[in-house]
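**Student:** This structure is in C-alpha cells; I'll ask about it shortly.
The values are calculated or read from the model by the stated rules, or taken from the named source; none is laboratory data. Not measured: the values here are computed from a predicted model. A quick note on method: Cβ atoms are made from the backbone with ideal geometry, for glycine too, and the neighbour counts reach across all protein chains shown. Surface areas here come from the heavy atoms of the whole protein model, side chains and all, with no ligands, DNA or RNA. Shrake-Rupley method; radii C 1.70, N 1.55, O 1.52, S 1.80 Å.
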Amino acid sequence: MVETVEETPMSMDDICFEKALEDYLPIADCGELGEGSIVQGEVVRIGDTHVLVDVNFKSEGQIPVDEFRDAEGNIGVKVGEKVDVYVVRKNEADGTIVLSRERAKRMKLFDDIEKIQEGDDVIKGRIVRRIKGGYTVDLGGVEAFLPGSHVDLRPVPDMDALVDQEYEFRILKINRRRSNVIVSRRVLLEEDRAKKRSELLSTLEESQTVTGKVKNITEYGVFVDLGGLDGLLHITDMSWKRIKHPKEMVQLGDELQLKVLNFDKDSQKVSLGLKQLVPDPWQDIEKKYPEGSKFSGKITNLVDYGAFVELEEGVEGLVHISEMSWTRKLRHPSQMVSTGEEVEVIILGVDPDKKRISLGMKQVNPNPWDLVAEKYPEGTILEGTIKNITEFGMFIGIEDGIDGLIHVSDISWTKKIRHPNEVFKTGDTVQAKVLTVDKDAEKFTLGIKQLSEDPWLQVPARYPVGTTVNGVVTNITDFGLFVEVEEGIEGLVHVSEISRKKIKSPSELFKEGAEIQAKVIHVSADERRLGLSIKQMKTDEDRKPSSKEFRPAASSGEAAGTNLGDLLRANLNAQHSDDEE
C-alpha cells in the first residue's frame, strides 16, 4: 500500500520517482479517488455474497455479487478483470471504501445519454410496462418515461400491444439529480413523415400508381398513409361492385397498391382509387348482356323492393319484386330467394350511363296466364275447389298459382246474398262458367248463376202491365212493400201505390208474410224491376158497374123514376165507400 510522505522541494530524482509512481498507480491515487467519482478497479475475489475490487485504496471495496449478475443470473466477471466502479463513500481513518458497480454503469450511461441529447441523435429502447400517463422505457440500464402523447402520431388503439417492443427514441429532457429521463417516439415519426412528405410532394402526380398502408377506416372510406402524406380512398372507388362497408375489403395495416385520382398540391389532398387499377366491367355492357338473354347469377342483397344479383365481379342487376313471380303476390323477396342463392334471370333492360341492369326471374318460364287464356276461353264451364271466401266473393283454384273469382253478385240471379258463406264454405267443389280472362290485369272471373238462364228475361211476357198478381209480402220498408210473386221474382209496391189515403208507414197496414193482390204497373227485364199497385186494384173494382144498376123497366115513367133513385143511391154509396177508406 502507498504510504504518506511529507512534502519537500522536488529535485530531479523526485520528478522521476513521481512519474514512475503515476505509471504504476491509477490517476485516482493522486488525489482523484473522491466520493462520487468513477474509477477503474480489479476484481480480486468473488464470494457468495460479495465481490472484492481493488481500487488502490487502503482496503478493497465490497460490492454485492448481484450487481454483477446478468439477466440469466450468471456472474459476468472473473478474478483479475478490470471493471469501472462508483465511489459511494470512503473513510480515510479506518481505511474502508464503499463501491457500486450499478451506479458506475448508470452514471456512465447518463454520460452517454447526455452526449446523445447534445448531438440530437436517437437511442434505442424497449418499452417494459404501461404506467399512468404513458410507458416506462429501458434504455439499457436507465429507465425513461415515454408520455402517451409521444408514442405515435395518432392515438394507439391497443396500448398494451406496444409492451416488450423495441423502438428508436429522441431524448427530450434529462435530470441527472433525480435520475429522470423523458423520451419521445412521435418526434422521430414527425421528422420522418416531414422528410417523406417533402420527397412525395416532389414526385406525386395524377394517374400515378402508389403504395400505401391503411391507417384508418370509416364508413365512407379508408385513409391511407402514402409515406408522409395521407390520401383518401372513398368507398365508391374501392370496387366496381357494391359494398356496404370498407371493412369488407381492407383491414388496418394492410398495404395497398392504389391509383392517384386527384392531387391538390396547395391543400395537399390526395384522392385514391383501387378499382381503377382493373378494367371497368361496365364497359360495352350492352354487348355482354343483350336484352332478352338468359344468365345465371348470385343473390348478393335483399331489399324491400327486390333482389340484387351479381352477374360477374363488379356487375350487379336488380330483380324487382314484381318481376319474381307470375302468380305470387310477394310482400318481400325473401319469400322466394335468399342471399347467396344461384338464380337464372332474363335481361330486361341495360342503362350503361347509370350502370343499372333490370332483371327478371319470372320471365325464365312461360307466363301461365297465356296458358290459362288458351285453356279456358270465355264461356267455358269448369269445376274447382273454393280456396278462400271473402265478403265480396269466393276464390276458386284453377291452375297452380292462379285463382278465379266468383263475385257475390254472380252466385244467384234471384237470391239476395249478403255474404258467400251463407251458401258455401271453404273446400266445397263448385261448377262455374268463365266470364272473363284478362292476362294483362291478371284477372280471372267466374259465375255460378250464368250456368242457368236469367228468369227475369221471361218476366215481361209472364207479367205484362195490367196483369193482376197474387204474392206474399217479404219485406217492409218506409218506401214500400216487397212482394214475391214467384220464387226469386219480387215486385215493389211503392208507398204511393198502397192506398189513396196518406199513410206514414206501410207497416201500419201490412205485416211480412201477408198475402196480397196487386196490379202490374211497370215491368223491365233489363232493370230487373216489377212495379205493383194495390191502389189501382181498388180503383178498378170501384169502377165496375153494380148488378142493381140499369135494370129494364115495364114503362118509361117507372124506368125514369127507378133509374134516378138508383143513381142517387149509387152516388151516396160511392161517397160512403170513399169515407170508409
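**Student:** Test GLU168 against the criterion of being not basic (Lys, Arg) and not in a strand (DSSP E or B), and give yes or no. So that I can check it myself, show each step before the final result.
**Tutor:** Details: not basic (Lys, Arg): yes; not in a strand (DSSP E or B): no.
Taking the combined requirement at face value, the residue does not satisfy it.
**Student:** Kindly evaluate VAL65 against the criterion of being open to solvent by less than 70 Å² (accessible area, probe 1.4 Å) and within 28 Å of ASN175 (Cβ to Cβ).
**Tutor:** Judged against the criteria, VAL65 is not a match.
**Student:** Kindly evaluate LYS105 against the criterion of being open to solvent by 20 Å² or more (accessible area, probe 1.4 Å) and over 30 Å from ASN56 (Cβ atoms).
**Tutor:** So LYS105 fails the test.
**Student:** Also, I was wondering about something else. With respect to LEU457, determine if the residue is within 60 Å of the chain's Cα centre (by Cα), open to solvent by 40 Å² or more (accessible area, probe 1.4 Å), in contact (Cβ under 8 Å) with a residue 60 or more places away in the chain and within 30 Å of GLY384 (Cβ to Cβ).
**Tutor:** No; evaluated as a whole, the condition is false for this residue.
**Student:** Would you check which residues across region 165-175 are in contact (Cβ under 8 Å) with a residue 12 or more places away in the chain and open to solvent by less than 70 Å² (accessible area, probe 1.4 Å) and list them?
**Tutor:** Once the filter is applied, which keeps residues that are in contact (Cβ under 8 Å) with a residue 12 or more places away in the chain and open to solvent by less than 70 Å² (accessible area, probe 1.4 Å), region 165-175 yields TYR167, PHE169, ARG170, ILE171, ILE174.
**Student:** Looking at the structure I just gave you, is GLY125 of a type outside the set (D, E, K, R), within 44 Å of the chain's Cα centre (by Cα) and open to solvent by less than 40 Å² (accessible area, probe 1.4 Å)?
**Tutor:** Judged against the criteria, GLY125 is not a match.
**Student:** Still on this model: Hey, could you check region 176-189 for residues that are within 58 Å of the chain's Cα centre (by Cα) and open to solvent by 50 Å² or more (accessible area, probe 1.4 Å) and say which is nearest to MET107 (Cα to Cα)?
**Tutor:** ASN180
**Student:** While we're looking at this one, here's another question. Scanning region 262-318 for residues that are within 30 Å of LEU229 (Cβ to Cβ), outside any strand (DSSP E or B) and without any contact (Cβ under 8 Å) to a residue 60 or more places away in the chain, which turns out most open to solvent (accessible area, probe 1.4 Å)? Spell out how you get there, then give the answer.
**Tutor:** Here is the first cut: in region 262-318, the residues within 30 Å of LEU229 (Cβ to Cβ) are 262-280, 314.
From the residues that got through so far, the ones that are outside any strand (DSSP E or B) too are 265-268, 274-280, 314.
Now drop any that are not without any contact (Cβ under 8 Å) to a residue 60 or more places away in the chain, which leaves 266-267, 274-276, 278-280.
Working: ASP266: 148, SER267: 57, LEU274: 39, LYS275: 33, GLN276: 53, VAL278: 80, PRO279: 109, ASP280: 46 Å².
Among them, the one singled out is ASP266.
**Student:** If you don't mind, another one. Give me the pairs, please: first residue somewhere in region 138-164 and open to solvent by 60 Å² or more (accessible area, probe 1.4 Å), second residue anywhere and acidic (Asp, Glu), beta-carbon distance under 9 Å, and either six or more positions apart or on two chains.
**Tutor:** GLY140/ASP112
**Student:** Go through (1) open to solvent by less than 50 Å² (accessible area, probe 1.4 Å); (2) more than 30 Å from TYR135 (Cα to Cα) for THR203 and report which single condition fails.
**Tutor:** (1)
**Student:** I've got another one for you. Which residue pairs have Cβ atoms closer than 6 Å, lie 6 or more positions apart in sequence or on different chains, and pair a first residue in region 66-92 that is touching a residue at least 40 places away in the same chain (Cβ under 8 Å) with a second residue that is hydroxyl-bearing (Ser, Thr, Tyr)?
**Tutor:** Sorted first by the residue in region 66-92, then by its partner, the pairs are TYR86/SER100; VAL87/SER37; VAL88/SER100.
**Student:** I'd like the full set of residues that are under 21 Å from LEU457 (Cβ atoms), more than 60 Å from the chain's Cα centre (by Cα) and without any contact (Cβ under 8 Å) to a residue 40 or more places away in the chain, limited to region 478-535. Show your work before the answer.
**Tutor:** Quick first cut of region 478-535, residues under 21 Å from LEU457 (Cβ atoms) only: 482-492, 520-532.
Applying the additional criterion that residues be more than 60 Å from the chain's Cα centre (by Cα) yields 482-492, 520-525, 529-532.
The answer is PHE482, GLU484, GLU486, ARG529.
**Student:** State which residue is farthest from the chain's Cα centre (by Cα) when the search covers only region 323-344 and only residues that are within 17 Å of GLY297 (Cβ to Cβ) and in a loop (DSSP other than H, G, I, E, B).
**Tutor:** Looking at the filtered set, the residue picked out is MET324.
**Student:** Looking only at region 408-451, count how many residues are more than 15 Å from ILE396 (Cβ to Cβ), of a type in the set (Val, Ile, Thr) and open to solvent by 40 Å² or more (accessible area, probe 1.4 Å).
**Tutor:** The qualifying residues number 1.
**Student:** Tell me whether region 380-403 contains one or more residues that are in contact (Cβ under 8 Å) with a residue 24 or more places away in the chain, within 20 Å of GLU453 (Cβ to Cβ) and surrounded by fewer than 15 Cβ atoms within 10 Å (Cβ to Cβ).
**Tutor:** Yes: region 380-403 contains one or more residues that are in contact (Cβ under 8 Å) with a residue 24 or more places away in the chain, within 20 Å of GLU453 (Cβ to Cβ) and surrounded by fewer than 15 Cβ atoms within 10 Å (Cβ to Cβ).
**Student:** Consider only pairs whose beta carbons are under 7 Å apart and that are at least six residues apart or on different chains; among these, list those whose first residue lies in region 345-358 and is farther than 20 Å from LYS298 by Cα and whose second residue is open to solvent by less than 30 Å² (accessible area, probe 1.4 Å).
**Tutor:** Filtered contacts from region 345-358: PRO352/TRP282; PRO352/ILE285.
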